[in-house]
Ligand code: NI
Ligand code: MN
């Protein structure tokens with residue numbers, strides 16, 4: 001399994017030949033101008049919730065590469081009306097895809113579309129493939145529901161928001177890392193806008209002091225599990 005950071009909360013996850021894009025917000029993100037969305041060739045697009053900074057490029061990428069949108073029922077219905085194919089899920093549900101297993105998990109946040117229409121309830125994803133399991137929390141507060149994750153899966157890595165203000169920040173992400181029983185964390189949802197700028201060195205040191213590893217990947221940077 002390969003994970004590439006595409007900026008903000010956007011990632012490319014490669015499981016064998018399958019390319020999965022998570023929460024594409026690339027063309028409006030000036031920090032991600034080196035990422036060419038027409039070269040992504042996505043098979044699936046996983047969407048945690050309906051906010052603009054998670055769905056901006058869903059329709060474009062889906063139509064460019066004929067990708068299937070996987071999200072909650074409301075978000076999938078929204079994109080199906082735009083001519084995109086989708087796989088609807090809801091919280092607690094698991095589906096066996098051709099690349100592996102996906103569970104739509106709880107998140108504490110909101111989920112309206114940019115036009116104010118209802119985007120269902122926000123979530124995250126547990127993704128299992130190539131004998132690896134990753135947890136993508138989505139935009140969320142620290143929540144007791146995270147304690148359910150290790151009852152279901154032993155994580156290899158987790159992607160947690162660390163930018164604060166709209167989601168949990170670094171201190172709560174450290175507690176979340178305890179709850180999910182995973183010390184290898186990839187941070188997301190930081191630095192894109194003024195409210196969520198973080199001090200990288202200080203954040204990494206806070207994790208390090210708790211014997212945890214916070215990775216703040218550069219845009220385009222990839223890790224292999
Ligand atoms: Ni959000
Ligand atoms: Mn967001």
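All of the numbers you see were taken from the coordinates with simple rules; none came from a lab. Owing to the predicted nature of the structure, the values given are computational and were not obtained by experimental measurement. No Cβ is skipped: glycine too gets one built from the backbone with ideal geometry, and neighbour counts run over all protein chains shown.
Remarks
- Between segment 180-217 and segment 67-120, the Cα center-to-center distance that results, in Å: 27
- Rounded to 0.05, the FRET efficiency of the residue 87 and residue 131 pair, given R0 = 30 Å and the Cβ-Cβ distance, is 0.85.
- Label-point separation in nm, residue 209 to residue 96, each point 7 Å along Cα→Cβ: 4.7
- Sorted by Cβ neighbour density within 10 Å, fewest at the top, the residues 182, 188: 182, 188
- Segment residue 31-residue 222, length gained on full extension (0.36 nm per residue, minus Cα span): 67.1 nm
- Modelled spin labels at residue 144 and residue 200, positioned 7 Å past Cα toward Cβ, are 3.8 nm from each other.
- Residues of segment 53-97 with amide N under 15 Å of the 7 Å Cα→Cβ point at residue 38: 60-66
- Rounded, prolate or oblate (a/c below 1.5 giving rounded, otherwise prolate when a/b exceeds b/c) for the chain by Cα gyration tensor: rounded
- Counted by neighbouring Cβ atoms within 10 Å, the residues 31, 40 run from fewest to most as 31, 40.
- Crossing angle, helix 200-209 versus the chain [Cα axis fit, 0-90 degrees, rounded to tens]: 60
- The angle between the Cα long axis of helix 170-179 and the main principal axis of the chain comes to about 90°, on a 0 to 90 degree scale.
- Averaging the sequence gap over all C-alpha pairs within less than 8 Å and six or more residues apart, then dividing by the number of residues, gives the chain a relative contact order of 17 percent.
- With the helix formula -39500 (n - 2.57) applied to DSSP H stretches of n ≥ 4, the chain reaches a computed 222 nm mean residue ellipticity of -5000 deg cm²/dmol.
- Shape category assigned to segment 125-225 from the gyration tensor of Cα positions, a/c cut at 1.5: prolate
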